[in-house]
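Just so you know, all these numbers are worked out from the coordinates, no wet-lab data involved. Owing to the predicted nature of the structure, the values given are computational and were not obtained by experimental measurement. Methodologically, a virtual Cβ is constructed for each residue, glycine included, from the backbone with ideal geometry; neighbour enumeration extends over all protein chains shown.
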Amino acid sequence: MERDAFVLGWYTQTGAALITIDATNGAGAPLYISLDPPALIERSAAPGLAATGRTVFLAAIDNQGRVHLCTTSVAATAASFSMIGPSADPRFSPTVMPLNDRIAIAWTDGQSGLMRLQVGLYSMQRRTVSVRDITPPSMGGAAPTWVIGAERPTLAFVDAREGVSPILTVELDAQGEPGSSIVQKPVSNLASPPALAVLRTAEHFVAGFTAVGQLATSAVGMVNFRSNDARPVPIVAGTGYGPTHVTGTIVNGTILFAGDAHRGPESNTPREIYIRALRDGTLGTAQIVTGPEASASFGALASSPAGTIALAFRTNNGIAVQLGRFDPAR
């Protein structure tokens, strides 16, 4: 993408859509892409999205649990999906990354009733190179996400259990072939279904995750992989009930997390999003995003090389995007 622009993708009633948002010139025209059959929006996590230069990669899951891939341009006026894999659990977003002349996509396979992690490699023409189940023996694999800031392409995922759930990482080589999985840290009281955001800088290697807090409330926690202290710290303390989400980005070397916060105890209460910066191992004061309709949830946080931050989130009637700058003094 350009130095100060972003691409946003979301599901529609007939498929998916993409839009480019420039920090100076605003939003372009949306590109609508058909998906047959379309996703069940109310039961699905967001599609997976990546961009390099002016090329955009969009991974989606239809209502039969099949994975589809679209490769297109930010200037395109038409695009299409290709079905690339079966048996994806739509509660978890697929995650996509271009690797040299290949595209790597990871998704959660729930066909057997046990959550397993699949990684597919595809050519730029969307032809299958390989599809591999990389779930470690005697474990599960769910909620894949790329480690933001990692020197090499690295997937993070969780072996989601009712008690203690290990968070793992696996590094991919230059050809996209995965190595051995490494258990980074176990966490307890993981939400169901869980959401995960993992980020790495020279100073920190941390994960944000959705959790069950006190009195079974919904919370968002953070765990430090480099600390001997296994106790998580709250990004958002539990105040209400219902599913929540966590996302993160790195801007000017600083890790930012964004997590859902309930504004009341009921599951249908309006929500807001807390954005917190990690400095010297400590999370700063939350900057609160309430949204244009006094409701904001399920955010996606990103930053541009120019230092602009974009937060896309759900509102009561659609999707909104808020742009801003990171103030390192706050």
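State the Kirkwood hydrodynamic radius of segment 159-251 in Å, one decimal place, computed from all pairs of distinct Cα atoms. Mind dumping the intermediate values first?
Numbers: mean 1/r = 0.0714 Å⁻¹.
Computed over segment 159-251, the radius equals 14.0 Å.
Compute the relative contact order of the chain as a whole-number percentage, counting only Cα pairs closer than 8 Å that sit 6 or more residues apart in sequence.
Averaging sequence separation for qualifying contacts and normalising by length gives 8 percent for the chain.
Mind putting together the pair-distance distribution for segment 1-57? All Cα pairs, 10 Å bins, whole percent per bin, short to long.
Cα pair-distance distribution for segment 1-57, in percent: 22, 50, 24, 4.
Say a paramagnetic label sat at a point 7 Å from the Cα of residue 175, along Cα to Cβ; which residues of segment 124-138 have their backbone N under 12 Å from it?
Correct set: 130.
Using only Cα atoms, figure out Rg for segment 189-330 and give it as a multiple of 2.2 N^0.38 Å.
Compared with the compact-globule rule of thumb, segment 189-330 sits at 0.99.
How far apart, in nanometres, would the label points at residue 226 and residue 294 be if each is projected 7 angstrom from Cα along the Cα-to-Cβ direction?
Taking the two extended label points, one gets 4.3 nm.
Evaluate the distance, in nm, between pseudo-label points positioned 7 Å from the Cα of residue 203 and of residue 12 along their respective Cα→Cβ axes.
Label at residue 203, label at residue 12, 4.3 nm between them.
Can you tell which of 259, 230, 192 lies farthest toward the positive end of the dipole of segment 189-330, using +1 and -1 charges on the Cβ of basic and acidic side chains (Lys, Arg; Asp, Glu)?
Farthest towards the positive pole: 230.
Specify which residue in the list 58, 81, 290 is farthest towards the positive end of the charge dipole of the chain, using unit charges on the beta carbon of Lys, Arg (+1) and Asp, Glu (-1), about the Cα centre.
After comparing all options, I get 290.
log₁₀ I(q)/I(0) of segment 1-130 at q = 0.11, 0.17, 0.19 Å⁻¹, via Debye over equal Cα point scatterers, no solvent, to two decimals?
Once normalised to I(0) and log-transformed, intensities are -0.36, -0.84, -1.03.
For segment 107-265, take every pair of Cα atoms, bin their distances at 10 Å starting from 0, and report each bin as a whole percent.
11, 38, 35, 14, 2, 0
Roughly how many nanometres apart are two label points built 7 Å out from the Cα toward the Cβ at residue 268 and residue 237?
2.8 nm
Give me the Debye-computed log₁₀ of I(q)/I(0) at q = 0.07, 0.09, 0.12 Å⁻¹ for the chain, equal point scatterers on Cα only, no solvent, two decimals.
-0.25, -0.42, -0.80
Roughly how many Å is it from the Cα centre of segment 4-56 to that of segment 235-275, as a whole number?
Segment 4-56 and segment 235-275 have Cα centres spaced 22 Å from each other.
So what is the relative contact order for segment 189-330, in percent, with contacts set as C-alpha pairs under 8 Å and at least six apart?
Taking the mean separation of contacting Cα pairs over the length of segment 189-330, I get 16 percent.
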